[in-house]
Amino acid sequence: AIEQSLETTYDDWGNADSETSLTGVTTRTVHDPITLCTEQWQEDSNGKPSSKQVTYSNPAGSVVEQVLHDDSGRKVRTVRFTRDGLDRVTQQRTIVAGKPDIVINFLYDAYSRVLERTLPDGTKVIWTYAKHSDGEHPESVSVQQAEETP
């Protein structure tokens, strides 16, 4: 039997901050519980880094922004999540330099079920749920095309 091992190191907070596989690939995670920021990337056996994802969270631990950088450190895209008072995502905005933002909006009912998702082109996906339940029991899902503007 082949015995596989993994080398793990820990940060000052007691969280795993790197794991190295037998192939020499190291996965790094830097988590700052004060700024609520987490950075994740991999390095090959020569120490060359891959793309990096930086995630910002709110005090509840939910993601509010994710930034992807390429292996040269250049920002590739940013995804921002707007949340309501119940910590539900009401808007997801994807930002790529030189391109229009991609925006998706969400509407919920009193039971936190998605009622409506509005896509970037204005198309709406609409859910209705069984009246006898407050759970995820959809009765229908329909698509409403965006109205064309003259």
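See the values below:
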| read-out | value |
| --- | --- |
| Of all residues making up region 93-110, the number that are surrounded by 12 or more Cβ atoms within 10 Å (Cβ to Cβ) and not in a strand (DSSP E or B) | 2 |
| Neighbours by Cβ (under 8 Å, 6+ apart or cross-chain): first from region 12-27, over 14 Å from T38 (Cα atoms); second charged (D, E, K, R) and outside any loop (DSSP other than H, G, I, E, B) | E19/E7; T20/E7; V25/E43; T26/E19; T26/E43 |
| Residues satisfying the stated conditions in region 10-58, i.e. more than 21 Å from R74 (Cα to Cα), touching a Phe, Trp or Tyr at 6+ places or on another chain (Cβ under 8 Å) and in a strand (DSSP E or B) | A16, D17 |
| Answer from E39, E43 - the residue that is of a type in the set (D, E, K, R), open to solvent by less than 60 Å² (accessible area, probe 1.4 Å) and at pLDDT 95 or above | E39 |
| Residue check, L68 loosely packed, with under 13 Cβ neighbours inside 10 Å and closer than 30 Å to S112 by Cβ | no |
| Of all residues in region 71-80 being free of Cβ contacts under 8 Å to residues at least 24 places away in the same chain and open to solvent by 40 Å² or more (accessible area, probe 1.4 Å), the one that is farthest from the chain's Cα centre (by Cα) | S72 |
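To keep it simple, each residue is scored yes or no on (1) closer than 30 Å to T90 by Cβ; (2) of a type outside the set (K, R).
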position: L6; (1), (2): no, yes
position: G24; (1), (2): no, yes
position: K48; (1), (2): no, no
position: Q53; (1), (2): yes, yes
position: S57; (1), (2): yes, yes
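The values are calculated or read from the model by the stated rules, or taken from the named source; none is laboratory data. Just so it is clear, the model here is predicted, and its values are computed rather than measured. FYI the Cβ positions are ideal-geometry reconstructions off the backbone, even for glycines, and counts take in every protein chain you see. Just so you know, the surface numbers come from the protein's heavy atoms only, side chains and all, with ligands and any DNA or RNA stripped out. Shrake-Rupley method; radii C 1.70, N 1.55, O 1.52, S 1.80 Å.
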